[in-house]
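Asker: Sharing a structure, written as structure tokens. Questions coming.
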Amino acid sequence: MCGIVGCALRRRASDIIYGGLKQLEYRGYDSAGIATLSKGQISIVKKQGKVSALENCASDLDGNIGIGHTRWATHGKPSDANAHPFAAGKFAIVHNGIIENCLELKREFLSDSPFSSDTDSEVIVRLLDKYYDGNLLTTLKKVCSLLSGSYAIAVICADFEGIAAAKFKSPIIVGSGADGNFAASDAPALAGLCRDISVLEDNDFALITSDGIKIFDGDLNEVFRPVRPNLATPANLELGGCPFYMLKEIREAPYAVANTCAVFHTAEGEVKKLCKNINRIILTGCGTAYNSGLVAKRYIEQFARIPCEAEIAGEFRYKNPIVGGNTLVVAISQSGETADTVEAARLAKSANAKVIAVTNAPYSQLNSVADVVIPVAAGPEICVAATKSYAGQIAALYLLAGVLAGKDLTDDLQKISEPCKNTVENTDISAVADMCARSSGVYFLGRDIDYAVALEGSLKLKEVSYIPSEGYPAGELKHGTLALIDESAVAVVVITSERLAGKSKNAVEQVLSRKGKVAVITCINSIAEEFKDRAVIIKIPDCGEYLSPLVSSSALQLIAYETALLLNRDPDKPRNLAKSVTVE
Ligand code: M6R
């Protein structure tokens with residue numbers, strides 16, 4: 001959510017900043033802007049819309065020093081005026097985060113300042129201008145001490161041949177490359193520019209010039225932050241021949257599972273130690289990550305027989321949860337930066353619970369909060385809709401279930417690779433996508449683990465196609481939701497368990513008898529046979545009850561993707577959304 005880039009180079013900066021912003025566009029695409037510094041003069045271009053709106057004007061900017069921003073609007077609608085950077089006096093800034101006390105700051109310190117936007121971020125530059133004492137770093141520290149909320153800030157100042165950065169609760173990395181030195185919200189912005197990066201910690205500041213990077217703690221003591229390899233490379237950010245990242249990433253799910261399995265040994269010993277004497281488990285996350293927790297709850301309880309709940313992180317953190325020393329809280333997050341999930345993990349730690357992070361981002365904030373990290377090795381996920389990371393999370397949580405149950409489940413996961421590949425490469429989804437694209441609403445139904453997957457199918461479809469959709473337990477349909485079914489409605493019914501097939505098929509009959517259209521996703525031959533003339537059948541491989549989500553979810557993701565294309569939506573950048581939600 002909002003991406004920032006800054007650099008101090010030995011060459012012109014604007015095209016490098018533009019390229020970095022393109023790589024961060026998954027964090028927001030409501031507006032974009034760049035400011036550069038040349039001979040003490042700051043120049044700015046900014047525009048509503050995607051980063052490409054800057055393509056023609058970015059090259060007008062002179063200077064080797066600059067900052068850039070791609071925005072996901074929180075305070076103030078998407079517009080040119082609300083686009084970053086903001087300037088005042090000798091300063092220009094870009095910001096990712098939320099300044100929660102911006103109204104108080106405006107009232108108390110800035111009542112005579114001429115604000116040009118409706119954003120919370122503009123207070124930062126107004127305060128810098130007001131309190132500037134000739135020293136960029138000490139002024140930035142003073143201003144940050146007034147801010148409540150979260151911030152990753154990059155600043156240029158007419159008096160300083162470089163950029164300054166500050167971090168609290170929103171991410172910033174820094175790195176050095178052949179052309180100079182950089183700061184950014186995330187590693188993809190520095191792919192091909194920096195082989196190594198360092199991650200700033202909360203309350204850190206940095207001064208970045210073309211000669212080097214200095215990092216300071218909250219008391220402005222110079223500090224060292226570990227240097228780690230930049231895992232984002234130009235090669236792993238390419239589309240690989242696919243028209244959209246969403247399709248590429250759906251197809252990469254089998255590799256996400258295999259790679260997650262391959263790296264599990266790095267965590268296994270610590271997980272075993274941490275999980276001794278656990279008598280209760282809470283899986284928490286947001287959106288798709290929460291949905292993967294709903295799937296995992298099923299197999300963790302079955303294998304380990306430990307009571308397990310899945311909780312939405314934004315709810316968990318505000319409900320005064322009952323957790324203690326024998327509770328294991330598993331915080332699941334692709335980005336490891338989702339504010340609600342990070343705070344839920346912090347809360348659990350402060351209540352003495354054991355905390356495991358399951359993330360696809362090795363240097364993320366969530367990792368630094370957790371006692372142990374189980375890595376999801378899905379590789380960079382660019383599409384806003386989570387796909388391969390969901391598969392990786394399900395695999396990582398399956399392996400955790402194995403540890404909790406005292407079983408090695410790696411073989412099960414290795415066997416799944418072929419069926420997964422088959423599903424993502426060969427499933428013909430076009431008839432279902434066509435039905436969905438013409439419908440008034442799509443209802444995803446299932447029982448038990450299929451219900452957990454139905455919720456994810458529904459989230460994916462609404463996110464990328466904007467068609468109203470609900471995920472529902474198949475048995476609950478007749479208790480209210482059936483009232484929504486008519487000839488314009490579609491039900492997608494997931495049936496992968498022999499045990500429950502006889503029950504789930506009632507839902508198919510109930511929808512058909514109300515003239516709704518039905519697609520059945522199943523691995524069960526008798527179900528496919530029974531409905532082949534009355535419903536569209538998507539046949540998937542049989543992977544056993546607990547791993548079926550790895551194939552059924554791929555089919556559902558493909559439905560969402562193809563429906564979005566039929567409706568001319570951009571599946572990689574759904575309206576109003578951003579990938580990592582670093583604010584509440
Ligand atoms: O990075 P996270 O996994 O913590 O993100 C959580 C949700 O914001 C995310 O899964 C969101 O629901 C996806 N866009 C859904 O496709």
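Asker: Report the extension gain between Phe115 and Leu512 in nm, rounded to one decimal, defined as 0.36 nm multiplied by the number of residues separating them, less their alpha carbon distance.
Answerer: Working: separation 397, 0.36 × 397 = 142.92 nm, distance 5.84 nm.
Full-extension gain reported as 137.1 nm.
Asker: Another question about this same structure. Could you tell me how far the Cα centroid of the stretch 426-445 sits from the Cα centroid of the stretch 467-482, in Å?
Answerer: Going from one Cα centre to the other spans 16 Å.
Asker: If you take every DSSP beta bridge fully contained in the stretch 443-574, what fraction is antiparallel? Give it as a percent rounded to 5. Don't skip to the answer; put the middle values down first.
Answerer: Numbers: 0 of 17 bridges.
In the stretch 443-574, DSSP labels about 0 percent of beta bridges as antiparallel.
Asker: Return one number: the angle in degrees, 0 to 90 and rounded to the nearest 10, between the long axis of the Cα atoms of helix 548-566 and the longest principal axis of the Cα atoms of the chain.
Answerer: Approximately 70 degrees, to the nearest ten.
Asker: Just check the stretch 1-147 against the gyration tensor rule for me: Cα atoms, a ≥ b ≥ c as the square roots of the eigenvalues, rounded for a/c under 1.5, and otherwise prolate or oblate depending on whether a/b exceeds b/c. Working shown, then result.
Answerer: On the way: a/c = 1.96, a/b = 1.29, b/c = 1.52.
Oblate, since a/c reaches 1.5 and b/c is not below a/b.
Asker: Now for a different question. Using just the Cα positions, wrap the stretch 67-178 in a convex hull and report its mean projected area in square nanometres, one decimal place.
Answerer: Details: hull surface 28.6 nm².
One quarter of the hull surface, i.e. the mean projection, equals 7.2 nm².
Asker: A further question follows. Going by how many other Cβ atoms sit within 10 Å of their own, how do Thr427, Thr288 line up, fewest first? Present the calculation step by step, with values, prior to reporting the outcome.
Answerer: Numbers: Thr427 18, Thr288 23.
Fewest-to-most ranking of Thr427, Thr288: Thr427, Thr288.
Asker: Output the 0 to 90 degree angle, nearest 10, between the alpha-carbon long axis of helix 253-263 and the longest principal axis computed from the alpha carbons of the chain.
Answerer: Tilt relative to the chain: about 70 degrees.
Asker: Another one. More than 16 Å apart: what percent of Cα pairs in the stretch 411-525 qualify?
Answerer: Values: 3949 of 6555 pairs.
Tail of P(r) above 16 Å: 60 percent of Cα pairs.
Asker: HN-Hα J couplings of the stretch 326-334 from phi, Karplus 6.51/-1.76/1.60, θ = phi - 60°, integer Hz, Gly and Pro as x?
Answerer: These are the phi-based 3J(HN,Hα) values: 9, 9, 9, 9, 10, 9, 10, 7, 4 Hz.
Asker: If you wrap a convex hull around the C-alpha atoms of the stretch 441-584 and split its volume per residue, what is the figure in Å³? All intermediate terms of the calculation are to be shown ahead of the outcome.
Answerer: On the way: hull volume 17.6 nm³, N = 144.
Here the figure is 123 Å³ per residue.
Asker: For the stretch 29-93, what log10 I(q)/I(0) values come out of the Debye formula at q = 0.23, 0.28 1/Å, with one point per alpha carbon and no solvent?
Answerer: Here the Debye-derived log intensity ratios amount to -0.90, -1.19.
Asker: Among the listed pairs Lys460/Lys573; Lys248/Lys532; Lys39/Lys141, give every one whose C-alpha distance is greater than 20 Å.
Answerer: Numbers: Lys460/Lys573 13 Å; Lys248/Lys532 30 Å; Lys39/Lys141 25 Å.
Distance filter (> 20 Å) returns Lys248/Lys532; Lys39/Lys141.
Asker: Need one number: nm distance between label points at Cys57 and Asn221, each 7 Å from Cα along Cα→Cβ, rounded to one decimal.
Answerer: 4.5 nm
Asker: Here is a follow-up. Where does each of 494-501, 408-415 land if you order them by average Cβ count within 10 Å, highest first? Intermediate results must be reported in sequence, preceding the final value.
Answerer: Details: 494-501: 21.6, 408-415: 15.6.
My ranking of the peptides, most packed first, is 494-501, 408-415.
Asker: Taking 0.36 nm per residue of sequence separation and subtracting the Cα-Cα distance, how much length would be gained by fully extending the chain between Glu161 and Asp211, in nm to one decimal?
Answerer: Extra length available between Glu161 and Asp211 comes to 17.0 nm.
Asker: Roughly how many whole Å is it from the C-alpha centroid of the stretch 327-347 to that of the stretch 530-584?
Answerer: 25 Å
Asker: Round to a whole angstrom and tell me the spacing of the C-alpha centers of the stretch 1-78 and the stretch 349-386.
Answerer: So the two Cα centres are separated by 29 Å.
Asker: Mind giving me the FRET efficiency for Lys478 and Tyr131? R0 is 45 Å, r the Cβ-Cβ distance, nearest 0.05 is fine. Could the numbers behind the result be given before it?
Answerer: Details: r = 64 Å, r/R0 = 1.43.
Here the calculated transfer efficiency is 0.10.
Asker: Sticking with this one: Would the stretch 263-354 count as rounded, prolate or oblate if I go by the C-alpha gyration tensor, calling it rounded below 1.5 in a/c and otherwise prolate when a/b exceeds b/c, oblate otherwise? Can you show the working numbers first?
Answerer: Values: a/c = 1.33, a/b = 1.21, b/c = 1.10.
Cα axes put the stretch 263-354 in the rounded bin.
Asker: On a 0 to 90° scale, report how tilted helix 136-146 is relative to the longest principal axis of the chain, with both axes built from alpha carbons and the result rounded to the nearest 10.
Answerer: Value to nearest ten degrees: 50.
Asker: Now a separate question. Assigning unit charges at the beta carbon (Lys, Arg +1; Asp, Glu -1) and nothing else, what dipole magnitude in debye, to the nearest 20, does the chain show about its Cα centre?
Answerer: Numbers: 60 positive and 68 negative charges, 87 e Å.
Approximately 420 debye in magnitude.
Asker: Any lysines with Cα under 16 Å of the Lys319 Cα? List them, leaving off those in the same chain fewer than 8 positions away.
Answerer: By straight Cα distance, Lys319 reaches Lys349.
Asker: Taking the highest mean first, how do the peptides 31-40, 108-117, 277-286 order by number of other beta carbon atoms within 10 angstrom per residue? Provide the component values of the computation, followed by the final result.
Answerer: Numbers: 31-40: 23.2, 108-117: 12.4, 277-286: 21.3.
Going by the mean number of other Cβ atoms within 10 Å, highest first, we get 31-40, 277-286, 108-117.
Asker: What is the chain by shape, rounded, prolate or oblate, if you read a ≥ b ≥ c off the alpha carbon gyration tensor as root eigenvalues and call it rounded for a/c under 1.5, prolate for a/b larger than b/c, and oblate otherwise?
Answerer: Values: a/c = 2.07, a/b = 1.68, b/c = 1.23.
Prolate.
Asker: For the stretch 433-484, what is the largest minus smallest coordinate of the Cα atoms on each principal axis, given in angstrom and ordered from greatest to least?
Answerer: 26, 24, 15
Asker: Next question, about the same structure. Given the peptides 179-189, 157-167, arrange them by the average over their residues of other C-beta atoms within 10 Å, most packed first.
Answerer: Numbers: 179-189: 26.6, 157-167: 22.4.
Per-residue mean Cβ counts within 10 Å order the peptides as 179-189, 157-167.
Asker: Quickly work out the Lys532-to-Arg107 label distance, labels modelled 7 Å from Cα along the C-beta direction, and quote it in nm with one decimal.
Answerer: Result for the modelled spin labels: 7.1 nm.
Each reported figure results from applying straightforward, stated rules to the coordinates on display, with no laboratory input. Keep in mind that this is a model prediction, so the values were computed, not measured. Counting neighbours? That spans all protein chains shown, and the Cβs are built from the backbone with ideal geometry, glycine included.
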